[in-house]
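See structure below.
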Amino acid sequence: MQIMQSDLISAELRNRFKHASRVLVLTGAGISAESGVPTFRGGGNTAVWKGMPFDVISSATMVERDLPAVWEWFDYRRSLLQKLQPNPAHYELARWADVFQEFTLVTQNVDGLHRAAGSRDVIELHGSVWRARCVSCRTSYEIIPGERRPDVCVGCGGSLRPDVVLFGEMLPSGAFEIAAERAQACQLCFVIGTSALVYPAAGLPEIAKAAGAYVCEVNPEFTPLSALCDEVLTGKAGEVLPLISQ
Ligand code: APR
């Protein structure tokens, strides 16, 4: 493993990290890459399920057309995720919640690894594969690893679908609005492991920057957001994040 040099972190960032009280973090698939979760872009091959591209099987249209097929795909994804563990980047962010007066963790990931690492109050913008939702009354149900997943709403008898934002769907109301408010108010904003191509999530660091926050990106590659950032830490999240608070 390449040993990251702590001088990767500027004195400016160390100082702001030490004195900030309001911090927002946005994460993407890259933060879970070191846990073995494939990212969506990069690495060339997009996931294909039974001949169907990822964005077809994971779409609102497919829920209407063939909900059992959608569940089969999500049951498969949960069976893979169940074997994976959070990595040092997830654990570091769980620790940050006790360091700052107001810490907001916003994720695009549906893998549940932030919660598994002990993070509380995670704003899961795109939902979670560990929840099901009633298609009629929108009641949400936890899916417990290793247990039979609920398939009918006990409240209204409606059928359940994955509680994940699928292709062709809007974000659930409320989640993004809270995140945007926190981005507006934060002093320090970290953008970790996202290609910053998918909006509105990618707009959060832009909101923070426009409101005067110091924005720091952590990614082995440059993204469309890099030019806007005050600091870009080029490396893997699991290796870079633990250096910041040292
Ligand atoms: N540490 C940090 N970043 C990493 C690492 C790592 N170990 N490995 C890869 N990355 C970076 C890649 O360089 C890339 O910029 O993570 C990013 C992953 O980008 P995407 O695969 O596009 O994932 P994300 O940005 O989360 O996608 C956003 O798109 O497909 C939809 O709903 C889906 O939530 C997803 C959204």
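The values are calculated or read from the model by the stated rules, or taken from the named source; none is laboratory data. Predicted, not measured: the structure shown is a model, and the values here were computed from it. Heads up, the Cβs are rebuilt from the backbone with ideal geometry, glycines too, and the neighbour counts pull from every protein chain shown. These accessible areas exclude ligands, DNA and RNA; they are computed on the full protein's heavy atoms, side chains included. Shrake-Rupley method; radii C 1.70, N 1.55, O 1.52, S 1.80 Å.
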Could you check Trp49 against (1) within 16 Å of the ligand (Cβ to nearest atom); (2) open to solvent by less than 20 Å² (accessible area, probe 1.4 Å); (3) among the hydrophobic types (A, V, I, L, M, F, W, C) and say which number it fails? (2)
Considering each of Ser59, Ser128 in turn, give the residue that is at pLDDT 95 or above and open to solvent by less than 60 Å² (accessible area, probe 1.4 Å). Ser128
Does at least one position in the stretch 118-137 carry a residue that is in contact with a His (Cβ under 9 Å, 6 or more places away or on another chain) and polar (S, T, N, Q)? yes
Those residues of the stretch 212-222 that are within 11 Å of the ligand (Cβ to nearest atom) and open to solvent by less than 10 Å² (accessible area, probe 1.4 Å) come to a total of 2
Picked from the stretch 188-211 (must be among the aliphatic types (A, V, I, L, M), open to solvent by 10 Å² or more (accessible area, probe 1.4 Å) and out of contact with any helix residue (DSSP H, G or I) (no Cβ under 8 Å at 6 or more places or on another chain)), the residue nearest to Met170 (Cα to Cα) is Val198
Here is a list of conditions, (1) more than 17 Å from Arg22 (Cα to Cα); (2) buried (at least 19 other Cβ atoms within 10 Å of the Cβ); (3) of a type outside the set (Ser, Thr, Tyr), and Gly174 meets all of them except one; can you say which number that is? (2)
Residue check, Phe167 against (1) open to solvent by 70 Å² or more (accessible area, probe 1.4 Å); (2) aromatic (Phe, Trp, Tyr); (3) closer than 30 Å to Ala20 by Cα, all met but one. Which one? (3)
When you scan the stretch 178-187, do you find a residue that is open to solvent by less than 50 Å² (accessible area, probe 1.4 Å), within 16 Å of the ligand (Cβ to nearest atom) and closer than 13 Å to Leu26 by Cα, even just one? yes
Being away from the ligand (no atom under 14 Å from the Cβ), among the charged types (D, E, K, R) and surrounded by 15 or more Cβ atoms within 10 Å (Cβ to Cβ) narrows Asp230, Asp151 down to just Asp230
